[in-house]
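The values are calculated or read from the model by the stated rules, or taken from the named source; none is laboratory data. The structure displayed is predicted, hence computed values, not measured ones. A quick note on method: Cβ atoms are made from the backbone with ideal geometry, for glycine too, and the neighbour counts reach across all protein chains shown. Each accessible area value is taken on the protein alone, full model and side chains, heavy atoms only, with ligands, DNA and RNA left out. Shrake-Rupley method; radii C 1.70, N 1.55, O 1.52, S 1.80 Å.
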Amino acid sequence: ESKQTDKHKNKVANKQKKNSVSYSVSVKVSRVWWLQIVQEYERAVIFRLGRITDRKPKGPGIFFILPCTDSFVKVDLRTVSFDIPPQEILTKDSVTVCVDGVVYFRVNDPIASVANVTNADFSTRLLAQTTLRNVLGTKNLAEVLSD
């Protein structure tokens, strides 16, 4: 009987060691995913199960997320500049003009830029090109040259 109880105690002890080892490994791996850092010029929009958690973005600094249920998108708040490629535009008096430009923009509302638009950068580029064509299409050549 004493041999059987010793064997039983050894099995229980080994099982507890395995459980504690797997628990400590999973906790260490999980901790990496819980802690996130956002720079001074960034904000994080956090989604929990596909819904935005707060009505204001997180950051700058450290914040925690749940590894399996949360995802987040970092939004850069710095001013971004890009060139509008040369566009051939037909003015109001039917003259073809080749015009290019430079656009500067900055995200003011990170939640709106993530939740309302698929790709805010690309949408801004297309909007700038369209606006350039529409505005210059309503002007005469003399007005384009003077402005």
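Condition check: modelled with pLDDT under 95 and open to solvent by less than 60 Å² (accessible area, probe 1.4 Å). Does ALA142 satisfy that?
In short, no.
In this structure, is VAL75 open to solvent by less than 50 Å² (accessible area, probe 1.4 Å), under 11 Å from ALA44 (Cα atoms) and in contact with a strand residue (DSSP E or B) (Cβ under 9 Å, 6 or more places away or on another chain)?
Numbers: open to solvent by less than 50 Å² (accessible area, probe 1.4 Å): yes; under 11 Å from ALA44 (Cα atoms): yes; in contact with a strand residue (DSSP E or B) (Cβ under 9 Å, 6 or more places away or on another chain): yes.
Yes, satisfied.
Is there any pair with a first residue in the stretch 117-132 that is under 12 Å from PRO85 (Cα atoms) and a second that is of a type in the set (S, T, N, Q) whose Cβ atoms are under 7 Å apart and which are 6 or more apart or on different chains, and what are they?
Correct list of pairs: GLN129/GLN87; LEU132/GLN87.
Return a yes/no flag: does the stretch 117-134 have any residue that is surrounded by 15 or more Cβ atoms within 10 Å (Cβ to Cβ), aromatic (Phe, Trp, Tyr) and outside the structural domain of VAL38 (by the TED database).
no
Looking at the stretch 78-89, I want the residues that are open to solvent by 50 Å² or more (accessible area, probe 1.4 Å) and have a partner that is part of a loop (DSSP other than H, G, I, E, B) with Cβ atoms under 8 Å, at least 6 apart or on another chain. Which pairs are those?
Here the result reads ARG78/TYR41; ARG78/ARG106; THR79/ARG106, each pair linking the stretch 78-89 to a residue that is part of a loop (DSSP other than H, G, I, E, B).
Need at least 2 residues that are among the polar types (S, T, N, Q) per element, so show me which helices (runs of 4 or more DSSP H) inside the stretch 37-147 make the cut, counting only ones lying wholly within it.
Of the helices (runs of 4 or more DSSP H) lying wholly inside the stretch 37-147, those with at least 2 residues that are among the polar types (S, T, N, Q) span 120-137.
What pairs come out if I take residues in the stretch 97-115 that are farther than 22 Å from ILE46 by Cβ and pair them with residues that are open to solvent by 80 Å² or more (accessible area, probe 1.4 Å) and not in a strand (DSSP E or B) whose C-beta lies under 8 Å away, six or more apart or interchain?
VAL103/ARG125; TYR104/THR79; PHE105/THR79
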